Every structure is written in structure tokens, then in C-alpha cells.
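Here is the structure we will look at, set down as C-alpha cells.
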Amino acid sequence: MNKALLLIVLCFSTASFAQNRKLKKALDTIATVEQAEAYIETKKSKKNNKLIVFNEAKHKTKLSKAILALPIGATKTVDVEFGKVHYKVIERTNEPHYRMSYVFLDGNTVKLKKIHEITKDIIKQHKDGIKFEDLAKKYSMDKNAYAGGDSGWFKDGDMPIEVEEQVSSLNNNLGDIYTVRTPKDNGYYVILKTHRIKTIKEVKVLKVTDKA
């Protein structure tokens, strides 16, 4: 290696080390969601610097499992083609989650009489042996129709309160089918209870991309 090239390599290495040290120092000062959000606002690229959530029921990769095992305040650094990605754990939760299948009918676009007819027909067809998945694909006016009515795992605050109260009720058994109205959005739900309540671990992480 000639002297000019060696000098360039040394300068690059020194600059890279200084940049990494500066970033580490910045990450060390971030301990809350508010601080993480403030840090993101100082960056030009929100795509490369953002808060993300890892959920043990949804994310099964080797990376997500490693991050889910980290304590609050810990950082995992991953080498990628264009530099390094740093994941700092800001929050950890272990909360009850719910899961169901449902058909959503929009009272703002369908008359009440028609909604009652559809609701009764769905319940009757399901009792006659038609799969709820097929009924959801046919009738649901929500995007969950593509998933055969499956809601996926959700926690308190993700669905209308009337739905959450019913899906979490111990009075409803697996396989029960029932209806719920949500006055706020004039929605009507036909719900099939498919899962019991499950406690699921989540971590909120500040993701920072350090480009080489």
C-alpha cells in the first residue's frame, strides 16, 4: 500500500471512529420515548431513524428474538452492507392481547334493515356449517376480509372499546358467535371468538442507521 492510499485509509478510519463514538454518546443519553422522538426530529432521514415495535407473536426472526431478549437501555448493533444499524431498547411491555375473527358492516353506507338481515344470515350460515373465514371474505367491509376475518393479535386501545369489552369477557367461550355495535363509527360487528387472552412481550426500539 502506497503512502497516499494509507493516509486516506487512516483518515477514513479516524473519521469513522469519531462518528461512531459521537453516535454512541448520543444513544447513551436517550432513555425515554420522548427523548427518542426528539432525537429523530434532528435527523434528515426519518426512514433511517425511527421508533419501531418488536412483538414476540408477530416477529420470529433471529434478529427480533435477540432484541426481544435485551433489557431496557441495551443496544444491539448489526453490520449491514451500507453501514451499521443500531437498535436501542426504550420500553418493554408484557400485556394481554386478544384475537378473534369478525365481519364488519358499515352503518354509514348500508341501511340498518339490511345490516340486520346480513347479520342474521351470517350467524345462520355459520351454524349450518359454513366456515366463518368464507363468510368474512364475502361480507366484511373491513380490510380483514382478505385475511378471512382474522384480526391478528391486538391489545387494549387497538379496537373500539365495545369490541374489546366483549372479546375480553369471560362470559364468551371459544367458538361463540355474537354481535357488537360501535356507536362512534356506526359500525356493526359479527364476532367469532377464536383465541383465549394471551400475554405477549413487546419492546419499543429506537432504530438508527449509521451509514458508512
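If I stretch the segment between residue 162 and residue 69 completely, what's the gain in nm (0.36 nm per residue apart, minus their alpha carbon distance), one decimal?
Details: separation 93, 0.36 × 93 = 33.48 nm, distance 3.41 nm.
My answer for the length gained is 30.1 nm.
I'd like the per residue volume of the convex hull spanned by the Cα atoms of the chain, given in cubic angstrom. Kindly include the intermediate steps, with their values, before the conclusion.
Working: hull volume 37.3 nm³, N = 212.
Enclosed volume per residue, from the Cα hull, is 176 Å³.
Cross-link partners among aspartates and glutamates for residue 120, C-alpha distance below 19 Å, same-chain residues fewer than 8 apart left out?
Output for residue 120: 106, 128, 133, 134, 142, 176.
Return the subset of 65/193; 24/65; 155/211; 184/207 for which the Cα-Cα distance in this structure is over 32 Å, preserving the input order.
Working: 65/193 29 Å; 24/65 23 Å; 155/211 35 Å; 184/207 36 Å.
From 65/193; 24/65; 155/211; 184/207, over 32 Å: 155/211; 184/207.
Show 185, 128, 106 ordered by accessible area, largest first, where the area counts protein heavy atoms only and the probe is 1.4 Å. Each step should come with its number before you reach the end.
Working: 185 60, 128 105, 106 35 Å².
From most exposed to least exposed: 128, 185, 106.
Using θ = phi - 60° and the Karplus form 6.51 cos²θ - 1.76 cosθ + 1.60, what ³J(HN,Hα) does each residue of region 35-52 get, whole Hz, x for Gly and Pro?
5, 5, 5, 5, 5, 4, 5, 7, 9, 5, 9, 6, 5, 8, 9, 7, 8, 10
Using amide H atoms built 1.01 Å from N in the peptide plane, name the residues 5+ places from residue 176, or on other chains, whose amide H lies under 5 Å from its own.
193
How high is the FRET efficiency from residue 91 to residue 23, r the C-beta distance, R0 22 Å, rounded to 0.05?
Values: r = 21 Å, r/R0 = 0.94.
The calculated FRET efficiency here is 0.60.
Working only with C-alpha atoms, what are the Rg and Dmax values of region 74-146, expressed in angstrom?
In order Rg, Dmax, the Cα atoms of region 74-146 give 21.7, 60 Å.
Put +1 on the Cβ of every Lys and Arg and -1 on every Asp and Glu Cβ in region 70-198; which of 132, 182, 104 then has its Cα farthest towards the positive end of the dipole?
132
With 5 Å bins from zero, work out the P(r) of region 146-212 over every alpha carbon pair and list the percent per bin.
Pairs per bin, as whole percents: 3, 12, 21, 23, 13, 8, 6, 5, 4, 3, 1, 0.
Using a 1.4 angstrom probe with every protein chain in place, what is the largest-first accessible-area order of 68, 174?
Values: 68 10, 174 80 Å².
In descending accessible area the options line up as 174, 68.
Using 0.36 nm times the number of residues separating residue 138 and residue 81, minus their current alpha carbon distance, what extension gain do you get? Spell out each step's value before the answer.
Values: separation 57, 0.36 × 57 = 20.52 nm, distance 4.48 nm.
Between residue 138 and residue 81, full extension yields 16.0 nm more.
The values are calculated or read from the model by the stated rules, or taken from the named source; none is laboratory data. In this text, all values refer to a predicted model and were calculated from it rather than measured experimentally. Using ideal geometry, Cβ is built from the backbone for each residue, glycine included, and neighbour counts are taken over all protein chains shown. We work out accessible area using only protein heavy atoms, side chains counted, and drop any ligands, DNA or RNA first. Shrake-Rupley method; radii C 1.70, N 1.55, O 1.52, S 1.80 Å.
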